[in-house]
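This report refers to the structure that appears directly beneath it.
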Protein chains: 2
Amino acid sequence: MSLQPVLIDGNWERSENSVDTFQAVNPAEKRDLPEIYPVSSADDVERAVAAGKEAADQLRSTSPEQIADFLTKFAENIEARAKELVKIANLETALAKEPRLASVELPRTTNQLRQAASAARDRSWCHAIIDSHTNIRSKFGPLGGAVAVFGPNNFPFAFNSCAGGDFAAAAAAGNPVIAKANTSHPGTTKIFAQAAFDASQATGLPKAMVQLIYRLKPADGFKLVSHPLIGATGFTGSKYAGVKLKEAADRAGKPIYLEMSSVNPVFVLPGALRERPSEIAEELYASCSLGAGQFCTNPGLAVVQAGEDGESFLGKVSEHFSANTPQTLLGRNGPRDIRAGIEMLTKKGAEIVTGGQEADGPGYAFQNTLLRVSGDAFLADPEALQTEAFGTVTLLVFARDTEQVKAIAGGVEGNLTGGFYTHTQGDDDDIYEQVAPVLREKVGRLLNDKMPTGVAVVPSMNHGGPYPATGHPGFTAVGIPAAMMRFCALHCYDEVRHHRLPAEIQDKNPTRNMWRLIDGSWTQKDVERE
Amino acid sequence: MSLQPVLIDGNWERSENSVDTFQAVNPAEKRDLPEIYPVSSADDVERAVAAGKEAADQLRSTSPEQIADFLTKFAENIEARAKELVKIANLETALAKEPRLASVELPRTTNQLRQAASAARDRSWCHAIIDSHTNIRSKFGPLGGAVAVFGPNNFPFAFNSCAGGDFAAAAAAGNPVIAKANTSHPGTTKIFAQAAFDASQATGLPKAMVQLIYRLKPADGFKLVSHPLIGATGFTGSKYAGVKLKEAADRAGKPIYLEMSSVNPVFVLPGALRERPSEIAEELYASCSLGAGQFCTNPGLAVVQAGEDGESFLGKVSEHFSANTPQTLLGRNGPRDIRAGIEMLTKKGAEIVTGGQEADGPGYAFQNTLLRVSGDAFLADPEALQTEAFGTVTLLVFARDTEQVKAIAGGVEGNLTGGFYTHTQGDDDDIYEQVAPVLREKVGRLLNDKMPTGVAVVPSMNHGGPYPATGHPGFTAVGIPAAMMRFCALHCYDEVRHHRLPAEIQDKNPTRNMWRLIDGSWTQKDVERE
């Protein structure tokens, strides 16, 4: 089998001075897939970044409509190749073809691209501000260099580095993208890159609008994110890798947005625990086991008060965990990493209630694992007891009393989400009022009576949160247009002659529908000058 | 003279385990001022951060109106103590009492505080987004810990760590502030801290809403900005100190916003150079010499095309530089730092046209200094030739041709501003079209036919720019409400019961005037639910 080509500066070509090769694995059969992919050298990085910079320059004279057409055409290309994508993603990730890949994740992906197209066309995302009396005007604009996107292993479509949320957001804001494939699904990513590249050429975009490399040695990854000509980086993946990339980008003053680890605590307050334990136990298991527990918003931590209701709830949850067959994990390292996570938890005082071992079978799998720990033990080392075990692994914390529930919320690290289940008739309102404000500042999205998995792609979504969930508490990775704000710079124009202004901040509203903040009021009207 | 007290957790008290002391200097007389200030230890940092966290918790139940009242009352307290403030700031900085301190900077400062009060009251800044069909709602909210503010030496009022733009923005967004005084004007900062603290107590805010320390050893500064309980940091000052603080904050995943160095290039295109050289030369000198050249937006770099017009322009600028008496600098290190900057420039090929020496007289001063360099020499080491000499020092670059003008724009680092002077009848439009897009992405604010000094405090302002002008290209340090966005986190509420939602995202518009993005449209109406 010959070496797969990279896509650099508009050419599908042999990786230059490739430093190694790798193969993807079929996790359902524990077998290498036949295709051989290159580990790119710093030469590929240099070439891609330089071409990306040139593309960014060319994009300055590209209309938002053209970018919207590209994103729409890309969505169509994906739909035309849906079968092929589903087939290879299933081979590379063991995620079910139906409903997961074909009927859930693929439509979500094309929907995101179409939302991004619509945002590009609408232009309101650029937050035009016009102060007519001073003639100072500002808007957000692209970064002037390509955006590097590192995608995660767990959403081969919706978070794919060459088709997912970061790709859509970066492109819609007018930036070229350099996709660094997740090494667990290079074949899937290659098809996306083909579909995206074809769409870019069909709509007249620069030839380096979309570029693809598959893998980099860490040092070359650092080069990419800190390169003087790179615009920014979007990364979704492990905290281990994310923190190192962040350090490299930070040192160079380059923006980097990371989505790293999160245990997404769920607090089941006493009234709810008494009122509907079976229902909540079922919901908890369903959420914990989605995608074999490999979701960013997987609830890895649940908190209840100690006592009979808590023990009974534990029993119910445990039944679900032990009654259900473990699903295949995304890759070879899955069982090892889960075991390491569980070992850290048990070392710090957690006890295994059910599960705890690698599961037998043809594929990589690990038993559904439920653990328990006392509030005292949790508070003795909250950081260690929030170790993320990326699988169907949940730690139930038994708090002594309300004060301790509050203390546990205070010990929670930055997370993507945090939630409360409370009594429907208000029995938990007092406790809620004490604990919710503490949790509020630790999480990006606060939920009521709802598990955290399932991230709606809507403008109000925040798929973000304080460090170490992400690298900055003010940005979201999901939700159009908010997610686009990561990939742009604030551009102010002071007394710039009117005909030289970007259309979005000229007197006339360029789309008639675009929202602009003119002299302090949001309006779709033109600027009225005295 | 006894040691001046710090303000920690509501008490004016002796610095705990202070590691050293210092005195401010009267730069007009090169003499130490009598008051003795402590260099705080890590103990003061710990106490202030802990108290700040407690204050942040208390602020959760403080209404925006109360915060607005505080900011308004603070502005009134400043006005009541204006004479005192002007007197001590003049002693500590040698800036003129009139018009600069009393009639320009003080009103700007109180105006900023009142704008911040108005933004807090209006609430539109929090960018409420409501998607009624999914019942997901989001808004920006405070960070949950105090904001540390490091102010610069050059604006003792308007950028004061305890009264200036960062203070106003952080407080209006609902955060307590820990002010780290600029060590050149500790006495000025102390009066602001008194006025702010008094206002905070008169309006019922937490006792640690405002805290003050005067100076820290570098290691303790790193502790402050990276502390687990700190919310974020706003820093205005040198690149040397800023980069080190950034590294400490970044490593801890704590947001830090920096305004560091900027040479604010001004491109005078050939038509303008031919059309109105005297006028532009006069404007350039006026802008260069404002505040003895110690403005963040001081034009330290001007670019013209080589030839007769350029030489004649140089002559005119040089006349202004040599005809005017140097003003007193802000402090003891001024002459030394300017000399070091000039040495770097001349080492790399710049020639001194006029000035170049420390000026005689009773105060710290340096001759107005104009330098020249060829475009070739500039492009051989653009970074070194953008060394900021913080004074009335400007380097005129002579570009060979239009191509080289464009190359010079490409060699410009991240800057706060960049501007063009062009022919009034359009003779320069071709060149502008080639060069402006290149400069656009290097600067936060792009100007036409206007010098960069003079930063209007309006919503559309961007006092920011790509690294190393600041640490992130998406944020501004001036302009309300935009500057507030640095000091908040994105808070999403997913199916949170209606009575538990913050007022800003409940169905009813809490102020009737607040702008909210409901189902994709900006409106001041209530949510209409089917």
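The values are calculated or read from the model by the stated rules, or taken from the named source; none is laboratory data. Here the structure is a predicted model, which means the values were calculated and not measured. Cβ coordinates were reconstructed from backbone atoms using ideal geometry, including for glycine residues, and neighbour counts include every protein chain displayed. Surface accessibility is based on the protein's heavy atoms, side chains included, excluding ligands, DNA and RNA. Shrake-Rupley method; radii C 1.70, N 1.55, O 1.52, S 1.80 Å.
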Hits in region A:184-201 - residues which are open to solvent by 10 Å² or more (accessible area, probe 1.4 Å) and touching a Gly at 6+ places or on another chain (Cβ under 9 Å): A:SER184, A:PHE197, A:GLN201
Please determine whether any residue of region A:113-135 is of a type in the set (Gly, Ala, Ser), more than 14 Å from chain B (Cβ to nearest Cβ) and in contact with a Ser or Thr (Cβ under 9 Å, 6 or more places away or on another chain). yes
Odd one out for B:LEU447, checked against (1) in contact with a strand residue (DSSP E or B) (Cβ under 9 Å, 6 or more places away or on another chain); (2) more than 7 Å from chain A (Cβ to nearest Cβ); (3) not in a loop (DSSP other than H, G, I, E, B): (2)
All but one of (1) within 16 Å of B:ALA94 (Cα to Cα); (2) touching a helix residue (DSSP H, G or I) at 6+ places or on another chain (Cβ under 7 Å); (3) of a type in the set (Ser, Thr, Tyr) hold for B:THR354, so report the exception by its number. (1)
Give me the pairs: first residue in region B:207-227 and open to solvent by 60 Å² or more (accessible area, probe 1.4 Å), second residue among the small types (Gly, Ala, Ser) and part of a loop (DSSP other than H, G, I, E, B), beta-carbon distance under 8 Å, and six or more apart or on different chains, which are they? B:LYS207/B:GLY10; B:ARG215/B:ALA181
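Does at least one position in region A:169-183 carry a residue that is within 14 Å of chain B (Cβ to nearest Cβ), farther than 30 Å from B:SER124 by Cα, open to solvent by less than 10 Å² (accessible area, probe 1.4 Å) and not small (Gly, Ala, Ser)?
Filtering region A:169-183 down to residues within 14 Å of chain B (Cβ to nearest Cβ) leaves A:169-170, A:173-176.
After this cut, where a residue has to be farther than 30 Å from B:SER124 by Cα as well, the list is A:176.
Narrowing further to those that are open to solvent by less than 10 Å² (accessible area, probe 1.4 Å): A:176.
Remaining after also requiring not small (Gly, Ala, Ser): A:176.
Among the residues of region A:169-183, at least one is within 14 Å of chain B (Cβ to nearest Cβ), farther than 30 Å from B:SER124 by Cα, open to solvent by less than 10 Å² (accessible area, probe 1.4 Å) and not small (Gly, Ala, Ser), which makes the answer yes.
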Any residue at all in region A:276-287 that is at pLDDT below 95 and open to solvent by less than 10 Å² (accessible area, probe 1.4 Å)? no
Would you call A:ASP69 outside any strand (DSSP E or B) and surrounded by fewer than 18 Cβ atoms within 10 Å (Cβ to Cβ)? no
Cβ pairs under 9 Å, 6+ apart, first in region B:51-77 and over 12 Å from B:GLY204 (Cα atoms), second of a type in the set (Ser, Thr, Tyr) and at pLDDT below 95: none
Does region A:101-116 contain at least one residue that is in contact with a Gly (Cβ under 7 Å, 6 or more places away or on another chain) and not in a loop (DSSP other than H, G, I, E, B)? yes
Does region A:372-388 hold any residues that are in contact with a helix residue (DSSP H, G or I) (Cβ under 7 Å, 6 or more places away or on another chain), open to solvent by 10 Å² or more (accessible area, probe 1.4 Å) and within 22 Å of A:TYR285 (Cα to Cα), and which are they? A:ARG372, A:THR387, A:GLU388
Listed by first then second residue, the pairs whose first member lies in region A:238-256 and is more than 9 Å from chain B (Cβ to nearest Cβ), whose partner is assigned to a helix (DSSP H, G or I) and open to solvent by 60 Å² or more (accessible area, probe 1.4 Å), with beta carbons under 6 Å and at least 6 positions apart or on separate chains, are A:ALA248/A:PHE222
Can you confirm whether region A:417-430 contains a residue that is within 30 Å of A:VAL177 (Cα to Cα) and modelled with pLDDT of 95 or more? yes
Top-ranked residue of region B:502-517 - restricted to ones that are more than 9 Å from chain A (Cβ to nearest Cβ) and assigned to a helix (DSSP H, G or I), ranked as surrounded by the fewest Cβ atoms within 10 Å (Cβ to Cβ): B:ALA503
Given (1) touching a helix residue (DSSP H, G or I) at 6+ places or on another chain (Cβ under 7 Å); (2) within 10 Å of chain B (Cβ to nearest Cβ), A:TRP522 misses just (1)
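Residue-by-condition table, conditions (1) farther than 21 Å from A:PHE295 by Cβ; (2) free of Cβ contacts under 8 Å to residues at least 40 places away in the same chain; (3) within 9 Å of another protein chain (Cβ to nearest Cβ); (4) open to solvent by 10 Å² or more (accessible area, probe 1.4 Å):
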residue: A:LEU416; (1), (2), (3), (4): no, no, no, no
residue: A:THR422; (1), (2), (3), (4): yes, no, yes, no
residue: A:ALA456; (1), (2), (3), (4): no, yes, yes, yes
residue: A:GLY464; (1), (2), (3), (4): no, no, yes, no
residue: A:ILE480; (1), (2), (3), (4): no, no, no, yes
residue: A:LEU490; (1), (2), (3), (4): yes, no, yes, yes
residue: A:ARG500; (1), (2), (3), (4): yes, yes, yes, yes
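Would you confirm whether any residue within region B:313-323 is open to solvent by less than 10 Å² (accessible area, probe 1.4 Å) and within 14 Å of chain A (Cβ to nearest Cβ)?
Within region B:313-323, none of the residues are open to solvent by less than 10 Å² (accessible area, probe 1.4 Å) and within 14 Å of chain A (Cβ to nearest Cβ).
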